[in-house]
Amino acid sequence: MENVANYEYPLNEKTRAFLRLEYLFKQLEYFLTNESLWASRAALASLVEIQDVNSGSNLKTEILKELERHSASLNRLKQQSGIDQSRLGEILTELENLITQIYATNMPFGHNLKENDFLKVIRQRVMIPGGTCDFDLPVYHHWLQNLPQVRADMIRTWLHSFDMLSRSIHLILKLVRESTLHHQEVAEEGIYQKTLDRNTPCQLVRVALPADSIYYPEVSGGKHRVSIRFMTTDKIEVKATQTHDDVVFKIAYCII
């Protein structure tokens, strides 16, 4: 399927947090390539959001559990025929290096940024609508007067505190997504339901449609069941309604 739009839905809280962090890291990197003041604001707001997601739970422990689980699963493949042992070895080495590096640090990801007064004041104001206006935060306005490269270098220095987190998230989600292939299904009258195997917990559901499809999926579910309603919108008010057409789509259940 060319020009595909992939819609992803996490089936547990850890995968939900991983996807949010992946989104924020990508958003931050995108804005760092732009030299405008507004791009610097957006990049810094993304960094603050990464701090918030990171502080919401014992993320370091969850990351280690996932890396070790993937390492154990892939190690079992060493004896199987038909496996690209060279590629498998590269992935296992990457996993083992990350695990070793994370164990070597006794502090949470990004711990050195918690006492950064500049980031702290932005973090306090960024969730208030318009709360980072120039008159609210003159120190922020003053910082934005730096040259674009100076601003970008400072943000990258702060972002480096989350380097192991970013690399771990990237590798874990890559392994999850590549664990299975899409297969074709039909949602009769726009509805699709699937009972999941309780003995093989699914991490992530991926629904693929042509990018120009008039439909999009609304997914709900948990560890026992997945339900999908296919929706369509009008072109003026973007008002969503469920379709009653049969919809052909592709789906992947990422179980690894």
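Structure above, values below:
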item	result
2 or more residues buried (at least 17 other Cβ atoms within 10 Å of the Cβ) and in contact with a Pro (Cβ under 8 Å, 6 or more places away or on another chain): qualifying strands (runs of 3 or more DSSP E) within segment 166-256	204-210, 225-233
Neighbours by Cβ (under 6 Å, 6+ apart or cross-chain): first from segment 185-205, free of Cβ contacts under 8 Å to residues at least 40 places away in the same chain; second part of a strand (DSSP E or B) and among the polar types (S, T, N, Q)	Gln193/Ser227
Boolean, Arg156 is under 21 Å from Ala42 (Cα atoms) and touching a Gly at 6+ places or on another chain (Cβ under 8 Å)	no
Exclusive hit being over 30 Å from Trp38 (Cα atoms), surrounded by 11 or more Cβ atoms within 10 Å (Cβ to Cβ) and in contact with a Leu (Cβ under 7 Å, 6 or more places away or on another chain), set Leu119, Leu113, Leu92	Leu92
Segment 97-110 residues that are among the hydroxyl-bearing types (Ser, Thr, Tyr), paired with ones that are assigned to a helix (DSSP H, G or I) (beta carbon under 9 Å, 6 or more apart)	Tyr103/Leu64; Thr105/Lys60; Thr105/His111; Thr105/Met164
For Thr232: the one exception among (1) under 19 Å from Glu13 (Cβ atoms); (2) β-branched (Val, Ile, Thr); (3) free of Cβ contacts under 8 Å to residues at least 24 places away in the same chain	(1)
Some residue of segment 195-202 being among the hydroxyl-bearing types (Ser, Thr, Tyr) and out of contact with any helix residue (DSSP H, G or I) (no Cβ under 8 Å at 6 or more places or on another chain)	yes
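All of the numbers you see were taken from the coordinates with simple rules; none came from a lab. In this text, all values refer to a predicted model and were calculated from it rather than measured experimentally. Cβ: placed from backbone, ideal geometry, glycine included. Neighbour counts: every protein chain shown.
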